[in-house]
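One structure is given below, encoded as structure tokens.
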Amino acid sequence: MKKTCALSLLVVCLIQGVHAQDIDSIVREATVPFFADGTKAGLSVGVLKNGVASTWHFGTTTRGKSSRPDNETIYEIGSITKTFTSMLLAQAVYEKKVDLNDDIRKYLKGSYPNLQYKGKPIRLVDLANLTSGLPDNLPEKMPAFKSKDKAGQLFELKKIFDVYSQSQFLKDLHLVKLTREPGLIPAHSNTAAQLMGFLLENIYKSSYTDLLKKYITGPLKMENTFVTVPAALKSRAASGYNEKGVLMPEIPKSAGSAGALSSSLMDMIKYIGHQLEEKEAQVIMAHQLRWGDPDDSGIGLNWRLKTNFDGKRKIWASGGTFGFASYSVLYPERNFAVVVLNNQNNNGSEDGLSDLAQNIYNAFYFTAEERSAEGFGFSAGVRILLDSMNKRGFEQAIVLTNELKKKDAFFKLPETELNVLGYEFLRKKEKNKALEIFKLNVYLFPESSNTYDSLGEVYEVLGNKAAAILNYKRVLELEPGNPNAAAHLKKLMNK
């Protein structure tokens, strides 16, 4: 790894000719929208460029106290843990202990005839690229909550999972019934990542914690990254809060290889710097496309992949726990990365951190004039369509798209970009424009559950209950158990 410098608040490094004062202004300006609602607790931001790290810290580690975070403050990083677990899987492949296409049952003790769908088994790669078909969490059936308050329910969940053992997990795994073929449809699954951790322990005959230390945190000298934060370092750990500022419980340690890791900003910069270099075969393996379209929405080994609007590769991961949110993104061709850690998980916090990191990147590489142009941040196809819709009307979105496709065989509209565009119009209260964009996305990607989910949401906002219900039902047909669609459908059906 290259030597880095790490400075908080006052940045004196030079990054690609940008003066330190400009860098500081870029980051501070990017954080303004994040803190705009006045509810956030603390935030740590790290920027890595050409091996040079710069850091900033805002807010507090503990509400009611003047306790600004620093480079050693420890945050829960949630699902970014899954990228660590996938690095261990890549290590096992590199050592020829496993093959990514192996049936997972090869490494499970006991018989699991249920872990296949119509003869197609779950493979190791399916655990790492989100397509296993396993439920998001085990146990699938939870006891009824006593508390009617969401915060109270999370404390009840904490108690349940604190005593949920590996043996109980494996027992419940016998009860899982797959509803679709593995390898086809990605969906968030803590179960898959937890199982991956257990399989790696079986393969190496070593604990997950020891494997992390041997292959990742030890070599990278990550001294503040733990599954369980030691008592002696608890004073460095930030407190986590929900959207109302209520203190939240710590992540249950049974989350393990799916989301139990805590880390500091400097440790995460070391980790992301190692990923950014792409020197080791294991890192390259983790960043290779395992599902989807690399130009739009691809997945590696628990890393999200796409071609950014400027043609550069973008690789990222995010995480959320009861009281924390985190986001890491790297652009290998730019030798540029951003890490953002936050100790308050508001609704949409991960998206907010993603926007913050993207705004930092945009300010580094594009002028204010370029950034203010309509359609900035979207690929050429979306910009061309926007121009056409502004001239002929958004209700012509599907017609215009078909015309543009006839004129240019290479004309392309990425699903994720259309989804982002639709939500941008929703945020600006331009509901009918959002509706037409989401309808177009369903038209172009009729087998994607997310397109129907977004269309259902805009119909719900518009007060069209019947259309919203219809679309949420379609989501559940394509992706049984989708939590967002299930929750919205339940709410609408009870009205």
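The values are calculated or read from the model by the stated rules, or taken from the named source; none is laboratory data. Bear in mind that the values here come from a model prediction, so they are computed numbers and not experimental data. Don't worry about glycine lacking a Cβ; one is built from the backbone with ideal geometry, like all the others, and counts go over all protein chains shown.
Of 59, 46, all but one fail to be surrounded by fewer than 24 Cβ atoms within 10 Å (Cβ to Cβ), out of contact with any Phe, Trp or Tyr (no Cβ under 7 Å at 6 or more places or on another chain) and outside the structural domain of residue 215 (by TED's automatic domain parsing); the exception is 59.
Listed here are the residues, each with its yes/no results for (1) aliphatic (A, V, I, L, M); (2) surrounded by fewer than 24 Cβ atoms within 10 Å (Cβ to Cβ).
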site: 224; (1), (2): no, yes
site: 230; (1), (2): no, yes
site: 233; (1), (2): yes, yes
site: 243; (1), (2): no, yes
site: 251; (1), (2): yes, no
site: 260; (1), (2): yes, no
site: 268; (1), (2): yes, no
site: 274; (1), (2): no, yes
site: 278; (1), (2): no, yes
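Only one of 179, 209 is of a type in the set (Val, Ile, Thr), out of contact with any Asp or Glu (no Cβ under 6 Å at 6 or more places or on another chain) and without any contact (Cβ under 8 Å) to a residue 40 or more places away in the chain; which? Within the list 179, 209, the selection yields 209.
Kindly establish whether residue 399 is of a type in the set (Val, Ile, Thr), closer than 13 Å to residue 436 by Cβ and either surrounded by 16 or more Cβ atoms within 10 Å (Cβ to Cβ) or more than 31 Å from the chain's Cα centre (by Cα) (or both). Taking the combined requirement at face value, the residue satisfies it. Could you list, in sequence order, all residues of the range 341-352 that are of a type outside the set (S, T, N, Q) and at pLDDT 95 or above? If the condition is that a residue be of a type outside the set (S, T, N, Q) and at pLDDT 95 or above, then 341 is the only one that fits. Remark: pairs (first residue in the range 302-318, of a type in the set (Gly, Ala, Ser); second residue buried (at least 21 other Cβ atoms within 10 Å of the Cβ) and in a loop (DSSP other than H, G, I, E, B); Cβ separation under 8 Å; 6+ apart in sequence or on different chains) = 317/302; 317/303. Counting only helices (runs of 4 or more DSSP H) wholly contained in the range 66-162, the ones carrying 1 or more residues that are farther than 30 Å from residue 292 by Cα occupy 150-162.
For the range 128-149, taking the residues that are surrounded by 13 or more Cβ atoms within 10 Å (Cβ to Cβ) and charged (D, E, K, R), the one that is farthest from the chain's Cα centre (by Cα) is identified as 140. Being of a type in the set (Ser, Thr, Tyr) and within 26 Å of residue 71 (Cα to Cα) is the requirement here; does residue 318 meet it? It is true that residue 318 is of a type in the set (Ser, Thr, Tyr) and within 26 Å of residue 71 (Cα to Cα). When the range 208-230 is filtered for residues that are assigned to a helix (DSSP H, G or I) and of a type outside the set (Lys, Arg), the ones remaining, listed by number, are 208, 209, 210, 211, 212, 215, 216, 217. Comparison of 62, 55 shows that the only residue that is modelled with pLDDT of 95 or more and more than 18 Å from residue 338 (Cα to Cα) is 62. Filtering the range 382-429 to residues that are free of Cβ contacts under 8 Å to residues at least 60 places away in the same chain and assigned to a loop (DSSP other than H, G, I, E, B) leaves 393, 408, 409, 410, 411, 413, 428, 429. Considering 267, 295, the condition of being of a type in the set (Asp, Glu), assigned by TED's automatic domain parsing to the domain that holds residue 89 and either within 17 Å of residue 75 (Cα to Cα) or within 17 Å of the chain's Cα centre (by Cα) (or both) is satisfied by 267 alone. Remark: residue 40 falls outside the filter, which requires a residue to be basic (Lys, Arg), surrounded by 22 or more Cβ atoms within 10 Å (Cβ to Cβ) and not in a loop (DSSP other than H, G, I, E, B).
Residues in the range 376-396 that are crowded, with 19+ Cβ neighbours inside 10 Å and either of a type in the set (Ser, Thr, Tyr) or over 31 Å from the mean Cα position of the chain (by Cα) (or both): 379, 389. When we screen 472, 452, 423 for residues that are of a type outside the set (S, T, N, Q), under 23 Å from residue 186 (Cβ atoms) and surrounded by fewer than 19 Cβ atoms within 10 Å (Cβ to Cβ), the only hit is 423. Picking from residues in the range 354-375 that are in contact (Cβ under 8 Å) with a residue 60 or more places away in the chain and either among the β-branched types (Val, Ile, Thr) or surrounded by fewer than 18 Cβ atoms within 10 Å (Cβ to Cβ) (or both), the one that is farthest from residue 297 (Cα to Cα) is 360. If we keep just the residues of the range 175-199 that are among the hydrophobic types (A, V, I, L, M, F, W, C) and part of a loop (DSSP other than H, G, I, E, B), which is surrounded by the fewest Cβ atoms within 10 Å (Cβ to Cβ)? Checking each candidate, the answer is 175. Being at pLDDT below 95, acidic (Asp, Glu) and either surrounded by fewer than 14 Cβ atoms within 10 Å (Cβ to Cβ) or out of contact with any Lys or Arg (no Cβ under 9 Å at 6 or more places or on another chain) (or both): is that true of residue 162 here? Answer is yes for this residue.
Residues of the range 320-359 that are outside any strand (DSSP E or B) and within 26 Å of residue 280 (Cα to Cα): 332, 333, 334, 335, 357.
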